[in-house]
Amino acid sequence: QVRLVESGGGLVQAGGSLRLSCVASFSINTMGWYRRPPGKQRELVAQISRRGSTNYADSAKGRFTISRDNAKNTVYLQLNSLTPEDTAVYYCAAAYGTVISVTDYWGQGTQVTVSS
């Protein structure tokens, strides 16, 4: 059982930045970030493989950067140029395969609130 612990959420003004971190209890291939905006379904933000291959949602391209430190089993999400539409609970997720599914490993979520 892989345990994921997120940190770094909070309240920020529009245009500001935040950095989310997620530590996994074991080394795992694919790590990523999803988010659930208020009243909406959970959606992919970005994911990264152990080798560093990345995949971003269109809404994240150019503003958010995912990275990882394999030695620390940690994935990061740098959030820049935040807008109120980025307000959501952000979830860290991980999978041994190349695709993260609902049956894989998920963190408890961290709230990001962007004020206008």
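The values are calculated or read from the model by the stated rules, or taken from the named source; none is laboratory data. If you're wondering where the values come from, they're calculated on a predicted model, not measured in any experiment. Quick reminder, even Gly has a Cβ in these numbers, built from the backbone with ideal geometry, and neighbours come from all protein chains shown. In case anyone asks, the SASA skips ligands and DNA or RNA and just uses the protein heavy atoms, side chains included. Shrake-Rupley method; radii C 1.70, N 1.55, O 1.52, S 1.80 Å.
Can you find a residue in the stretch 41-56 that is of a type outside the set (A, V, I, L, M, F, W, C), out of contact with any strand residue (DSSP E or B) (no Cβ under 8 Å at 6 or more places or on another chain) and within 26 Å of residue 115 (Cα to Cα)? Checked the stretch 41-56: at least one residue is of a type outside the set (A, V, I, L, M, F, W, C), out of contact with any strand residue (DSSP E or B) (no Cβ under 8 Å at 6 or more places or on another chain) and within 26 Å of residue 115 (Cα to Cα). Scanning the stretch 57-72 for residues that are open to solvent by 50 Å² or more (accessible area, probe 1.4 Å) and either touching a strand residue (DSSP E or B) at 6+ places or on another chain (Cβ under 6 Å) or aliphatic (A, V, I, L, M) (or both) yields 65, 71. The test for being within 14 Å of the chain's Cα centre (by Cα) and either surrounded by 14 or more Cβ atoms within 10 Å (Cβ to Cβ) or over 14 Å from residue 89 (Cβ atoms) (or both) does not hold for residue 16.
Within the group 75, 99, which residue is in contact with a strand residue (DSSP E or B) (Cβ under 9 Å, 6 or more places away or on another chain) and either modelled with pLDDT under 95 or open to solvent by 40 Å² or more (accessible area, probe 1.4 Å) (or both)? Can you show your working first?
Details: 75 fails: either modelled with pLDDT under 95 or open to solvent by 40 Å² or more (accessible area, probe 1.4 Å) (or both).
Within the list 75, 99, the selection yields 99.
I'd like to check which strands (runs of 3 or more DSSP E) are fully inside the stretch 59-116 and have at least 2 residues that are touching a residue at least 40 places away in the same chain (Cβ under 8 Å).
Details: elements: 64-69, 74-79, 88-95, 110-115.
Ranges flagged: 74-79, 88-95, 110-115.
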